[in-house]
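**Student:** Take this structure first; my questions come after.
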Amino acid sequence: MPGNIHNTVPNRYIKSELKSHKIVWEEEHPIRWSYMKILREFSTLKEFYPEIDPYVEVFRCRDNMWAIYQESFDGAGDVWMYLISGPEKAMLIDTGFGVGNLKGLAEKLTGGKPLIVANTHYHFDHCYGNAQFDTVYCNEDEVFELQTKNNPHIWDYLYDRETGKGIYADFDVNDIIPWKEYRIEGVPANHVFDLGRGYEVELIPLVGHSVGQSGYLDRANRVLICGDVTGIGRPLPGEPKPENCTVEALRDCFRAVWSRHDEYDGVFFGHAPLDQTNVIIKYHLDACEHILADPSRCDEIRERDLGDHREKTCMKYIQQGTAIKYSLDRVYKSQISKP
């Protein structure tokens, strides 16, 4: 079970018509919770298509761009996916937990345009819907780890096979998508996807949370979709570029992205309030710089019991955000031994 979660429902009810209902809750950032309550209960941007996919809510963020919300199925954070409808093709960025008909929803919203599917990274809440599609793109550095999710057992931990009941969320397990093997197409940093008539979306490396974690820059909408950038992950055994999972590697990416801040106005994360201003990237960069200057001077330390040991996580607060989460052994690239 993920750390920092509990089974009691606090006084933070959000009215919802979704078919899923949480059982296990993550300790939620209070600002994020209040934002989500207002957005989901009162926003006029909200659209709901229960006849197609009763597990997601849709919010139109631009004339041709939607943020797709899905509740967490594993006790961690709720997730955002993003859909862009270009002149000739559409692009879906991340595919959630793989419960519900995301493919049908994308076809509904875009009028059935050919769809390019891309992942920010390989984690369960961002790629378990990949099996609905034939080909999925990602940063070429993420292929090694994404391939580990290309199998029919990825959903086993979400429900009890004896009872057929969800462990972390109440949902109909029959709504898990049928698994089929899909092709993973790795592309280099700054690869440009063409959605027709010169409508370009560029892959932007934002490594750290995983080895090939990446954002996507919608040049026409001046929007940067970031994925997850606040927690330094641990690469899988045998990963060719383990040094990418360090604060230093993330800092380098933020420096590059901030140097281009005049190319985007809105910033959209995988687990945060929508449509933040571009200065939030500078605040993330500042937090990384502070960590690198003195890793021991964090703002908070959290520990969780993993059975055979306790894991300690340092946290450096981000102005107007949450925090960069890191371990002291994953700060500098020089700390990492390559395979």
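**Student:** Can you find a residue in segment 237-246 that is at pLDDT 95 or above, over 21 Å from Pro339 (Cα atoms) and either among the charged types (D, E, K, R) or surrounded by fewer than 24 Cβ atoms within 10 Å (Cβ to Cβ) (or both)?
**Tutor:** No, because not a single residue in segment 237-246 is at pLDDT 95 or above, over 21 Å from Pro339 (Cα atoms) and either among the charged types (D, E, K, R) or surrounded by fewer than 24 Cβ atoms within 10 Å (Cβ to Cβ) (or both).
**Student:** Kindly indicate the residue of segment 327-337 that is modelled with pLDDT of 90 or more and assigned to a loop (DSSP other than H, G, I, E, B) and also surrounded by the most Cβ atoms within 10 Å (Cβ to Cβ) among those meeting that condition.
**Tutor:** Selected residue: Val331.
**Student:** Within the set of pairs 6+ apart or on separate chains, which have a first residue in segment 290-302 that is under 14 Å from Lys325 (Cβ atoms), a second that is among the charged types (D, E, K, R) and at pLDDT below 95, and C-beta atoms under 9 Å apart?
**Tutor:** Ile301/Lys312; Arg302/Glu311; Arg302/Lys312
**Student:** To continue, here is another question. For segment 21-32, how many residues are part of a helix (DSSP H, G or I) and surrounded by 14 or more Cβ atoms within 10 Å (Cβ to Cβ)?
**Tutor:** Looking only at that region, the number is 1.
**Student:** Please tell me if Ile232 is surrounded by 21 or more Cβ atoms within 10 Å (Cβ to Cβ) and touching a Gly at 6+ places or on another chain (Cβ under 7 Å).
**Tutor:** Against the criterion (surrounded by 21 or more Cβ atoms within 10 Å (Cβ to Cβ) and touching a Gly at 6+ places or on another chain (Cβ under 7 Å)), Ile232 qualifies.
**Student:** Restricting attention to segment 272-284, does a residue exist that is modelled with pLDDT under 95 and under 30 Å from Asn151 (Cα atoms)?
**Tutor:** Checked segment 272-284: at least one residue is modelled with pLDDT under 95 and under 30 Å from Asn151 (Cα atoms).
**Student:** Name the one entry in Ile336, Ile301, Ile280, Ile291 that is in contact with an Asp or Glu (Cβ under 6 Å, 6 or more places away or on another chain) and not aromatic (Phe, Trp, Tyr).
**Tutor:** Among Ile336, Ile301, Ile280, Ile291, only Ile336 is in contact with an Asp or Glu (Cβ under 6 Å, 6 or more places away or on another chain) and not aromatic (Phe, Trp, Tyr).
**Student:** Considering only segment 74-102, how many residues are over 13 Å from the mean Cα position of the chain (by Cα), at positive phi and modelled with pLDDT of 95 or more?
**Tutor:** Count: 2.
**Student:** Right, another one. Looking at Leu18, Leu105, can you tell me which residue is farther than 30 Å from Asp305 by Cα, modelled with pLDDT of 95 or more, of a type outside the set (Val, Ile, Thr) and in a loop (DSSP other than H, G, I, E, B)?
**Tutor:** None of the others qualify; the one that does is Leu18.
**Student:** Shifting gears a bit: Name the residue that is farthest from the chain's Cα centre (by Cα), counting only residues in segment 309-326 that are in contact (Cβ under 8 Å) with a residue 60 or more places away in the chain and surrounded by fewer than 19 Cβ atoms within 10 Å (Cβ to Cβ).
**Tutor:** Once the filter is applied, the top-ranked residue is Glu311.
**Student:** Mind counting the residues in segment 70-88 that are in a loop (DSSP other than H, G, I, E, B) and either in contact with a Phe, Trp or Tyr (Cβ under 8 Å, 6 or more places away or on another chain) or acidic (Asp, Glu) (or both)?
**Tutor:** Residues meeting the conditions: 9.
**Student:** Only one of Ala287, Ala272 is in contact with a helix residue (DSSP H, G or I) (Cβ under 7 Å, 6 or more places away or on another chain), small (Gly, Ala, Ser) and closer than 30 Å to Asn221 by Cβ; which?
**Tutor:** Just a single option satisfies the conditions, and that option is Ala272.
**Student:** Continuing with this model, one more query. What's the number of the condition Thr163 fails, among (1) part of a strand (DSSP E or B); (2) under 30 Å from Glu51 (Cα atoms)?
**Tutor:** (1)
Results for (1) within 19 Å of Lys282 (Cα to Cα); (2) at pLDDT below 95; (3) buried (at least 23 other Cβ atoms within 10 Å of the Cβ), shown as yes or no for each residue.
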site: Gly198; (1), (2), (3): no, no, no
site: Val201; (1), (2), (3): no, no, yes
site: Val207; (1), (2), (3): yes, no, yes
site: Arg222; (1), (2), (3): yes, no, no
site: Leu250; (1), (2), (3): yes, no, yes
site: Cys253; (1), (2), (3): yes, no, yes
site: Tyr264; (1), (2), (3): yes, no, no
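**Student:** Report yes if some residue within segment 47-62 is more than 16 Å from the chain's Cα centre (by Cα), more than 27 Å from Arg219 (Cα to Cα), acidic (Asp, Glu) and buried (at least 21 other Cβ atoms within 10 Å of the Cβ); otherwise report no.
**Tutor:** yes
**Student:** Could you tell me which residue of segment 173-184 is nearest to Leu83 (Cα to Cα), considering only residues that are exposed (fewer than 15 other Cβ atoms within 10 Å of the Cβ) and out of contact with any helix residue (DSSP H, G or I) (no Cβ under 6 Å at 6 or more places or on another chain)?
**Tutor:** Among residues in segment 173-184 that are exposed (fewer than 15 other Cβ atoms within 10 Å of the Cβ) and out of contact with any helix residue (DSSP H, G or I) (no Cβ under 6 Å at 6 or more places or on another chain), the one nearest to Leu83 (Cα to Cα) is Arg183.
The values are calculated or read from the model by the stated rules, or taken from the named source; none is laboratory data. This is a predicted model, so every value here is computed, not measured. When we count neighbours, we look across all protein chains shown, and the Cβ atoms used for this are built from the backbone with ideal geometry, even at glycine.
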